[in-house]
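K.L.:
Below you'll find the structure I mean.
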Amino acid sequence: MRGGLITSVRRWYQGLPPATAAILAGLAGSYLVLVAIRIASIETFDMVIGWLTLVPGSAWQRPWTILTMILVHFDPFHALFNLLSIASMGPWIERTIGRQRYLQLLLACVVTGSILTVGIYWPTGSMRPVFGATGAALGLMTAFSLLFPEAELRFWFAAPLKAKNLVWLIVGMETIFLLGGMSIDVPVHFGGMVAAWAFLRKPWKPAYIRRIALKLRRLRGNR
C-alpha cells in the first residue's frame, strides 16, 4: 500500500507542468531544510530566518527578503495550505497562460505583497517578521477565478463553490482579519490578489477602460 501511494504521488508530480513542479519542490524543500536546521541548531536557525524573512522596519537593509520571505513557514499547516493551493490551481493557470507569464504572475504577486507590506508598516518601524507564500497562493486563487469563473471548487465537506465567488470569500475573511487586527500578513495577501487581478485584467489599457465605461453607462441606463 505504501509503495502504491509513493508511486501515485510520483506520477502525479511528474504530470505537473515544469514551473509549478519546481515551485512546489522549492517550497517543500525549504520547509524541510529549515526544520532540519532548527533541530540541529537553534542559533543557526535564528540566523537563517533573519536572513530570509521580511522585516518591514529594516527591509531596506535586506531587500532580497522581498522575495525570500516565501521560503519560510513555521507552521506545517501554513506550509500545507500554500502547497495544496499552488498544486491545485497552479497547473491549470500555467497551462493556460504559459510558463513565462505564469512565472511573471507569481513574481508580481510576491513583490507586490511584500512592497505593500513594507509601505504600510515601515513608517511604524515594525520589526515583526513577515513570511510565507500565502500572498502568492491567494494570487493564484484570484487568477484562477478570473480565468475559470464558472469552475466548481470542492473543499472537503463544504458545498461546491464557484471560482468567481472564491475571491469574495477570501476578501471577506481578510477584511475581518484586518479589522480585528489578527494578522500583519493581510497586506501581503491583498497585495498578491490585487497583483494577479492587475496582471490579467491590465486595467491601464484603453480596452479595459472602455469596457468599464460601457458597463457604467449600462448601469445608469437601467436606473
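Taken together, the values in this text are just the output of simple stated rules run on the coordinates, not laboratory data. The structure presented is a predicted model; accordingly, all values stated were derived computationally and were not measured. Note: ideal-geometry Cβ built from the backbone for every residue, glycine included; neighbour counts use all protein chains shown.
K.L.:
Under unit Cβ charges (Lys, Arg +1; Asp, Glu -1), what dipole magnitude, rounded to 20 debye, does region 2-221 have relative to its Cα centre?
P.N.:
1260
K.L.:
Separate question: For region 90-147, list log₁₀ I(q)/I(0) at each q in 0.28 Å⁻¹, using the Debye formula over Cα point scatterers of equal strength and ignoring solvent, two decimals each.
P.N.:
-1.13
K.L.:
Taking neighbour Cβ counts within 10 Å as the exposure measure, how do Thr134, Thr112 sort from fewest upward?
P.N.:
Values: Thr134 20, Thr112 24.
Neighbour counts put them in this order, fewest first: Thr134, Thr112.
K.L.:
Between region 55-126 and region 191-215, how far is it from one alpha carbon centroid to the other, in angstrom?
P.N.:
Cα centres, region 55-126 to region 191-215: 21 Å.
K.L.:
By the scheme Lys and Arg +1, Asp and Glu -1, what is the net charge of all other residues having a beta-carbon under 14 Å from that of Glu150?
P.N.:
+1
K.L.:
Calculate the spin-label point distance for Ile49 paired with Tyr13, positioning each point 7 Å from the Cα along the beta-carbon direction, and give it in nanometres.
P.N.:
2.7
K.L.:
Same structure again: Can you list which of the DSSP-assigned H helices in the chain have a Cα extent of 24 Å or more along the long axis and an average Kyte-Doolittle score of at least -0.5?
P.N.:
Those that clear 24 Å and a mean of -0.5 are 18-40, 76-97, 99-121, 163-179.
K.L.:
While we're looking at this one, here's another question. What is the sum of charges around Leu116, taking Lys and Arg as +1, Asp and Glu as -1, for the other residues whose C-beta is under 14 Å from the C-beta of Leu116?
P.N.:
On the way: positive: none; negative: Glu174, Asp185.
Net local charge, Leu116 excluded: -2.
K.L.:
Could you rank the peptides 135-141, 6-12, 145-151, 123-129 by their average count of other C-beta atoms within 10 Å per residue, with the highest value first?
P.N.:
135-141, 145-151, 123-129, 6-12
K.L.:
Then there is this: Given the DSSP H assignment, sum -39500 (n - 2.57) over each helix run of at least 4 residues in the chain and divide by its residue total; what's the result at 222 nm in deg cm²/dmol, nearest 500?
P.N.:
-23500 deg cm²/dmol
K.L.:
Still on this structure, I have one more. Computed from these coordinates, which is semi-axes √(5λ) of the Cα gyration tensor in Å: (1) 28, 21, 15; (2) 39, 29, 17; (3) 31, 25, 16?
P.N.:
Structure-derived value, by its label: (3).
K.L.:
Taking every Cα atom in region 3-87, find the radius of gyration and the maximum pairwise distance Dmax, and write them in Å.
P.N.:
Taking only Cα atoms of region 3-87, I get Rg and Dmax of 15.1, 49 Å.
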